[in-house]
1. Take region 306-321 and flag every residue that is near the ligand (Cβ under 10 Å from one of its atoms) and either open to solvent by 50 Å² or more (accessible area, probe 1.4 Å) or over 22 Å from the mean Cα position of the chain (by Cα) (or both).
2. When only residues in region 280-300 that are in contact (Cβ under 8 Å) with a residue 24 or more places away in the chain and open to solvent by 30 Å² or more (accessible area, probe 1.4 Å) count, which is farthest from the ligand (Cβ to nearest atom)?
3. When you scan region 178-261 for helices (runs of 4 or more DSSP H) that lie fully inside it, which ones turn up with 3 or more residues that are more than 15 Å from the ligand (Cβ to nearest atom), open to solvent by less than 10 Å² (accessible area, probe 1.4 Å) and within 16 Å of Q161 (Cβ to Cβ)?
4. Checking A184 against (1) at pLDDT 95 or above; (2) in contact with a Phe, Trp or Tyr (Cβ under 8 Å, 6 or more places away or on another chain); (3) of a type outside the set (D, E, K, R), which single condition isn't satisfied?
5. Filter region 206-221 down to residues that are of a type in the set (A, V, I, L, M, F, W, C) and closer than 15 Å to G48 by Cβ and give me whichever is farthest from the chain's Cα centre (by Cα).
6. With respect to D179, determine if the residue is within 19 Å of F98 (Cβ to Cβ), in contact (Cβ under 8 Å) with a residue 12 or more places away in the chain, in contact with a His (Cβ under 9 Å, 6 or more places away or on another chain) and not hydroxyl-bearing (S, T, Y).
7. Return the pair list, or none, for Cβ contacts closer than 8 Å from residues in region 90-118 that are under 11 Å from G164 (Cβ atoms) to residues that are aliphatic (A, V, I, L, M) and assigned to a strand (DSSP E or B), at least 6 apart or on different chains.
8. Which of (1) under 26 Å from the mean Cα position of the chain (by Cα); (2) at pLDDT 95 or above; (3) surrounded by 21 or more Cβ atoms within 10 Å (Cβ to Cβ) is the odd one out, the single condition V134 does not satisfy?
Amino acid sequence: MREILRMNNVSVHFPVKGGLPFLKRGVIQAVSDVSLTIAHGETYGIVGESGCGKTTLANAMIGMVKPTSGEVLFAGKDLLRLPKEEFKKARQKMQMIFQDPFSSLNPRFNVYQIVSEPMFIRGEDDQEAMIARVVELLELVGLSSEDLYRYPSDFSGGQRQRLGIARAISLNPSFLVCDEPVSALDVSIHAQILNLLVMIQEQMKLTYVFISHNLADVKNICDRMAVMYLGKVMESGSSDRIFKRPLHPYTQALLAAVLDTTFDEKREQIILQGDIPSPIDPPLGCRFWQRCPQAMEGCKTIPPEHLEVEDDHVVACHLVHGFPAVELPDGYDRPVESLKK
Ligand code: SF4
């Protein structure tokens, strides 16, 4: 695998301030100890419930959020320790498509201003060349030169997302984060935008990080993926392997909840109880134990390690690889439910 991005033990914590400016009430552990690698030209999916840290993780990948600890290597270089000028150049290679095409475009800018803005910020000043480039980008995303001086309010949701895509690829990036790019669109437009993304990826040899709630989309377009829960990766690796044989109880619950005929196997429905705990005070052991239908006593205090169970399939669950060989109290492997009775 020729990697383009690697994250080593990345954590992103945000302080929670108290009533007075100098009072710190706690820390939101948005992302905790995440390690993953992304290969050149692949589409890497990140899935999980709202608030699980998907967007913060993606922001940390492209330097929009500074990790509290760990390292992010882009094309072999440590993004966090690059000199300012080199960091700026690396950032131009990493762009983002935002979830909401309604709020992500400045309503006072026309199409030319929106799409050329990144080139303008980079210091380009040849107006004619920029107009030619913007027209080329508009045609690539299915718009035309006639749209050049129109405003976002003149476009439908799908067309605005096309504009967002044109802006994101205007600097010829190699790495694109697609943050739920179709979740705010009508179902009829959904497939068109996904097809457009796939076409652009092939044409420009791009690497995508695709954040989504929609597991059917992830199954269709992602080569590899990570399943996140409360800031941690629960299962990761080849999407084919994870969809065929999900091993983590959380992944199993997510897949079982999908009503989609494109899934080959029918799965028994698993209804998770309760809500996601607060990231300010996450559970000590496995972060999923309070909702896991198969939780054991030991899961409450012993965090599971990430182990590769087969080629490119990593799982963090004691059910899969057992508890560590240390002295453990009696009953650590008894189901939590049976102890409650
Ligand atoms: Fe469930 Fe325990 Fe596995 Fe966590 S480690 S997913 S609580 S069985």
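The values are calculated or read from the model by the stated rules, or taken from the named source; none is laboratory data. Note that this is a predicted model, so its numbers are computed, not measured. Quick reminder, even Gly has a Cβ in these numbers, built from the backbone with ideal geometry, and neighbours come from all protein chains shown. Remember, those area values only see protein heavy atoms, side chains included, never the ligands or the DNA or RNA. Shrake-Rupley method; radii C 1.70, N 1.55, O 1.52, S 1.80 Å.
1. Looking only at region 306-321, we keep the residues that are near the ligand (Cβ under 10 Å from one of its atoms), and these are 315-321.
Answer for region 306-321, where residues must be near the ligand (Cβ under 10 Å from one of its atoms) and either open to solvent by 50 Å² or more (accessible area, probe 1.4 Å) or over 22 Å from the mean Cα position of the chain (by Cα) (or both): H318, L319, V320, H321.
2. Per the criteria, the residue is I280.
3. On the way: elements: 187-204, 215-221, 239-244, 249-256.
Where helices (runs of 4 or more DSSP H) fall fully within region 178-261 and carry at least 3 residues being more than 15 Å from the ligand (Cβ to nearest atom), open to solvent by less than 10 Å² (accessible area, probe 1.4 Å) and within 16 Å of Q161 (Cβ to Cβ), they are 187-204.
4. (1)
5. Of region 206-221, the ones of a type in the set (A, V, I, L, M, F, W, C) are 206, 209-211, 215-216, 218, 221.
Now narrow it down to the ones that are closer than 15 Å to G48 by Cβ: 209-211, 215, 218.
Working: V209: 6, F210: 6, I211: 4, L215: 13, V218: 11 Å.
Restricting to residues being of a type in the set (A, V, I, L, M, F, W, C) and closer than 15 Å to G48 by Cβ, the top hit is L215.
6. Working: within 19 Å of F98 (Cβ to Cβ): yes; in contact (Cβ under 8 Å) with a residue 12 or more places away in the chain: yes; in contact with a His (Cβ under 9 Å, 6 or more places away or on another chain): no; not hydroxyl-bearing (S, T, Y): yes.
Against the criterion (within 19 Å of F98 (Cβ to Cβ), in contact (Cβ under 8 Å) with a residue 12 or more places away in the chain, in contact with a His (Cβ under 9 Å, 6 or more places away or on another chain) and not hydroxyl-bearing (S, T, Y)), D179 does not qualify.
7. Here the result reads Q95/L176; Q95/V177; M96/L176; M96/V177; I97/L176; I97/V177, each pair linking region 90-118 to a residue that is aliphatic (A, V, I, L, M) and assigned to a strand (DSSP E or B).
8. Checking V134 against (1) under 26 Å from the mean Cα position of the chain (by Cα); (2) at pLDDT 95 or above; (3) surrounded by 21 or more Cβ atoms within 10 Å (Cβ to Cβ), the one that fails is (1).
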